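Read the structure below first, then the notes.
The values are calculated or read from the model by the stated rules, or taken from the named source; none is laboratory data. The structure displayed is predicted, hence computed values, not measured ones. Here the Cβ is made from the backbone with ideal geometry for all residues, glycine too, and neighbour counts use every protein chain on show. Accessible surface is based on the protein model in full, side chains and every heavy atom, while ligands, DNA and RNA are left aside. Shrake-Rupley method; radii C 1.70, N 1.55, O 1.52, S 1.80 Å.
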Amino acid sequence: MLSRRKRSITGKKVASFTEVNIKPDKARKIIRRYHFLINKQKIICNKLGITADPVPPHLEGPADVEDPQEMEKMLLRVQDKGMSRDSLVRCLHYIANEVSKKGGLKDYQLASRVGQSQSRGGDSSKLLVKWLRELQLPQHDPPLTALEIGSLNCHNCISTCKIFKSVTRIDLNNSNDSRGIIRQDFMKRPLPSSDTDRFDLISCSLVLNFVPTPIERGQMLRRLQQFLKRRSLFFLVLPLPCITNSRYIDHLHLARMLEHLGYVQLRRHESSKLYYALYALQNQSVNNTPTSFRHKKVLRDGPGMNNFCILL
Ligand SMILES: C[S@@+](CC[C@H](N)C(=O)[O-])C[C@H]1O[C@@H](n2cnc3c(N)ncnc32)[C@H](O)[C@@H]1O
């Protein structure tokens with residue numbers, strides 16, 4: 001999916017990667033499919049009492065040739081109590097095939113990058129940096145540091161603005177290793193033992209919506225706090241429909257949830273496609289999580305609404 005240009009216009013050898021464009025609709029489809037498969041994989045692994053990450057190699061091995069239509073129907077039923085162990089294992093093989101053999105993960109990673117291409121609104125950290133300049137952050141000792149989760153580019157505004165002495169960039173993607181981006185699952189990043197390992201700002205731009213389940217999104221939000229110094233900043237970007245067209249989240253619900261987690265909103269902006277917000281962490285969250293943040297509750301409903309949800 002990446003095309004490698006072997007020579008520049010002047011004839012010099014280059015090894016730069018040019019990204020092939022894919023339409024947002026197609027990107028969304030790929031992402032939804034990937035999340036669907038990973039969700040089913042987790043459910044099956046739970047039922048079989050094995051780890052999903054990584055799935056034991058003997059259960060990931062090549063599948064027998066399966067009828068895709070039959071397998072897709074079976075995937076929809078993996079939650080059912082009556083499904084046999086054999087059928088669950090067949091589904092696991094099928095998923096492994098779909099994810100790795102047919103380029104599922106590769107396509108997913110490419111789709112992930114679509115959001116940051118210039119033609120689709122570009123670098124969301126431009127607005128972040130504009131806000132940071134408005135806030136006139138005082139000179140800091142030690143100098144400010146930032147963590148960018150879901151980083152696709154080490155030359156975006158957050159990295160070049162010179163506000164931060166260092167920007168740690170992480171992403172699940174393995175294709176980024178050579179781009180100054182560490183391949184790491186934030187959920188597995190070792191917890192900081194002191195402020196030296198914490199950050200003055202965490203950017204989480206279009207990442208939360210990539211996390212497959214509402215509970216895992218909540219876990220990510222909670223975990224984020226452990227990586228922030230006191231009074232530090234959290235930059236959140238979500239696709240606008242996650243807030244404006246979801247049955248389970250609206251502006252007020254999100255604002256209350258973040259307030260409960262100890263954040264104060266400093267800035268907010270909505271473009272035609274994205275929701276941007278900058279928060280300051282005032283207090284670490286309290287333990288008593290209100291029921292409304294622990295259980296799904298339909299806040300509004302209508303045709304064409306989505307089910308984006310975060311549960312704490
Ligand atoms: C749509 S891209 C967003 C990229 C960029 N931040 C932007 O604003 O355009 C989402 C990225 O989040 C990454 N991601 C999702 N969950 C992650 C996790 N737990 N740890 C690290 N990266 C994660 C994915 O690998 C994907 O590359």
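Details
- Selection status of ASP185, open to solvent by 30 Å² or more (accessible area, probe 1.4 Å) and within 15 Å of the ligand (Cβ to nearest atom): yes
- When each of MET83, MET74 is tested for being at pLDDT 90 or above, in contact with a Cys (Cβ under 6 Å, 6 or more places away or on another chain) and more than 30 Å from ASN153 (Cβ to Cβ), the lone residue that passes is MET74.
- Qualifying residue in the range 271-283 (condition: without any contact (Cβ under 8 Å) to a residue 12 or more places away in the chain and in the same structural domain as ASP123 (by TED's automatic domain parsing)): no
- Test: residue in the range 146-155 that is exposed (fewer than 13 other Cβ atoms within 10 Å of the Cβ), touching a helix residue (DSSP H, G or I) at 6+ places or on another chain (Cβ under 6 Å) and without any contact (Cβ under 8 Å) to a residue 24 or more places away in the chain: no
- Flag if ARG33 is under 23 Å from GLU216 (Cβ atoms), at pLDDT below 80 and open to solvent by 40 Å² or more (accessible area, probe 1.4 Å): no
- Matching residues in the range 218-232 - criterion: being open to solvent by less than 20 Å² (accessible area, probe 1.4 Å) and closer than 17 Å to LEU206 by Cα: GLY218, MET220, LEU221, LEU224
- Within the range 281-297, the set of residues being under 22 Å from the mean Cα position of the chain (by Cα) and in a helix (DSSP H, G or I) comprises PHE293, ARG294.
- Complete set of residues in the range 188-216 that are among the charged types (D, E, K, R) and more than 10 Å from the ligand (Cβ to nearest atom): ASP195, ASP197, ARG198, ASP200
- Scanning the range 240-258 for residues that are closer than 29 Å to PHE164 by Cβ, open to solvent by 70 Å² or more (accessible area, probe 1.4 Å) and of a type outside the set (A, V, I, L, M, F, W, C) turns up nothing.
- For the range 73-90, the set of residues classified as open to solvent by 50 Å² or more (accessible area, probe 1.4 Å) and in a helix (DSSP H, G or I) consists of LYS73, ARG85, ASP86, ARG90, listed by residue number.
- Looking across the range 102-154, just one residue is of a type in the set (Asp, Glu), away from the ligand (no atom under 16 Å from the Cβ) and at pLDDT below 90, and that is ASP141.
- Flag for ILE215 being surrounded by fewer than 16 Cβ atoms within 10 Å (Cβ to Cβ) and more than 26 Å from LYS162 (Cα to Cα): yes
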